[in-house]
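Peer 1: Below: one structure in structure tokens.
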Amino acid sequence: MKKGSKFLAYAFPVETAPQVRHHLLDLQKEHSKARHVCYAYRLGTGRLEFRTVDDGEPSGTAGKPILQQIDKHQVTDVVIFVVRYFGGVLLGAPGLTRAYKQAAEQAIVQGQIVSRDIIEQWVIECNFVQSQQILGLLKPEPGVQIVNTVLGEPSMISVNLPLVSKEEIFMKIKMKLENRKRKDIAELFPIEGISLSKNSI
């Protein structure tokens, strides 16, 4: 409660802008008498997609401090809404910024942050003999998911790799295919005899 105004914060896991819109409509319906429903979100493993909305508050006093809290806590795939019921007393830009910041921070601190592995999908093009060697290396690796295989000449392997172990997995493939020891390898890429490309997932 700030000088009669009430600030209610909500945090939701989201992966797309339409999901954000869905939660916004629900909150606008639930809080139809509220003066403002301000929010910010950040999406994606690269954290590149984001938006801030002040919903009638002075520019930069609501959505921006909400986003700053998202970034401070280094979370992504999240939207935070702060619903304001106006109490009759103007807070001024500094007061508004502080109120939205504190509400957003409480939503994060009191919420449950879920950690998950960042996954990249790679397509490996190689010959048939190499495909058998590569599959033999990939299958025992924790967190690795073989998405699709096309065996022949050439062979194609689509595989999901955890970002944290991707380079180590490619190192094992390089050592196997090039028959070299780790200490003799100065650069990981390219890997002799195969073609690598990364897909968007």
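Values in this text are rule-based calculations from the coordinates and carry no lab data. Remember, it's a predicted structure, so these values are computed and weren't measured experimentally. Please note: Cβ atoms are built from the backbone with ideal geometry, for glycine as well, and neighbour counts cover all protein chains shown.
Peer 1: Could you give P(r) for segment 119-199, binned at 10 Å from zero, as whole percent values over all Cα-Cα pairs?
Peer 2: That works out to 19, 57, 24, 1, in percent per bin.
Peer 1: If you don't mind, another one. Amide H of GLU49 versus every other amide H placed in the peptide plane: which residues, excluding those fewer than 5 positions away on the same chain, fall under 5 Å?
Peer 2: Residues meeting the criterion, in which the H sits 1.01 Å from N, are LEU43.
Peer 1: Further question: In square nanometres, what is one fourth of the surface area of the convex hull spanned by the alpha carbons of the chain?
Peer 2: Across all orientations, the chain yields a mean hull projection of 14.6 nm².
Peer 1: Which percent of the Cα-Cα distances in segment 6-110 go past 15 Å?
Peer 2: Tail of P(r) above 15 Å: 57 percent of Cα pairs.
Peer 1: May I ask you to evaluate 6.51 cos²θ - 1.76 cosθ + 1.60, the Karplus curve with θ = phi - 60°, for each residue of segment 5-20 and list the ³J(HN,Hα) values in order in whole Hz, giving x for glycine and proline?
Peer 2: Going residue by residue, I get 7, 10, 10, 10, 10, 9, 10, 9, x, 9, 10, 9, 4, x, 5, 4 Hz, with x marking Gly and Pro.
Peer 1: What's the extension gain from LEU135 to GLU153 if we count 0.36 nm per residue and subtract their Cα-Cα distance?
Peer 2: 4.9 nm
Peer 1: Right, here's the next one. Give me the lysines in straight-line cross-link reach of LYS33: C-alpha distance below 16 Å, same-chain residues under 8 apart excluded.
Peer 2: LYS33 reaches LYS6.
Peer 1: Something else: Can you pull out the trypsin sites (Lys or Arg not before Pro) in segment 69-177 that DSSP calls coil and that have at most 14 other Cβ atoms within 10 Å?
Peer 2: Taking segment 69-177 and a limit of 14 other Cβ atoms within 10 Å, the loop trypsin sites (Lys or Arg not before Pro) found are ARG116.
Peer 1: Next up: Using DSSP loop states and a limit of at most 15 other Cβ atoms within 10 Å to flag GluC sites (Glu not before Pro), what is the longest stretch of the chain containing no flagged site?
Peer 2: Between the exposed loop sites, the longest stretch runs 16-186.
Peer 1: Between their Cα atoms, which of LYS139/LYS176; LYS29/LYS64; LYS72/LYS166 are more than 22 Å away from each other?
Peer 2: Exceeds cut-off: LYS29/LYS64; LYS72/LYS166.
Peer 1: Between helix 128-138 and the chain, what is the angle of the helix's C-alpha long axis to the longest principal axis, kept within 0 to 90° and rounded to the nearest 10?
Peer 2: Result, in degrees: 50.
Peer 1: What do you get for the angle between helix 92-110 and the principal long axis of the chain? Use alpha-carbon atoms, 0 to 90 degrees, nearest ten.
Peer 2: For helix 92-110, the angle is close to 50 degrees.
Peer 1: A follow-up question, please. Using amide H atoms built in the peptide plane, which far-off residues or other-chain residues are under 5 Å from ASP54 H to H?
Peer 2: GLY63
Peer 1: While we're looking at this one, here's another question. Could you list which residues have their amide H under 5 Å from that of VAL79, counting only those 5 or more apart in sequence or on another chain, with H placed in the peptide plane?
Peer 2: Answer set, sorted by chain and number: PHE12, VAL14.
Peer 1: A further question follows. Rounded to whole Å, give me the distance from the Cα center of segment 32-111 to that of segment 135-201.
Peer 2: Between the Cα centres of segment 32-111 and segment 135-201 lies a distance of 42 Å.
Peer 1: Next up: Each residue of segment 165-175 in turn: what ³J(HN,Hα) in whole Hz from Karplus with 6.51, -1.76, 1.60 and θ = phi - 60°, glycine and Pro shown as x?
Peer 2: 10, 4, 5, 5, 5, 5, 5, 4, 5, 4, 4
Peer 1: Once you charge only the Cβ atoms, +1 for Lys and Arg and -1 for Asp and Glu, what is the size of the charge dipole of the chain about its Cα centre, to the nearest 20 debye?
Peer 2: Around 880 debye, computed over the chain.
Peer 1: With a cut-off of 8 Å between alpha carbons and a minimum separation of six or more residues, what is the relative contact order of the chain in percent?
Peer 2: 20
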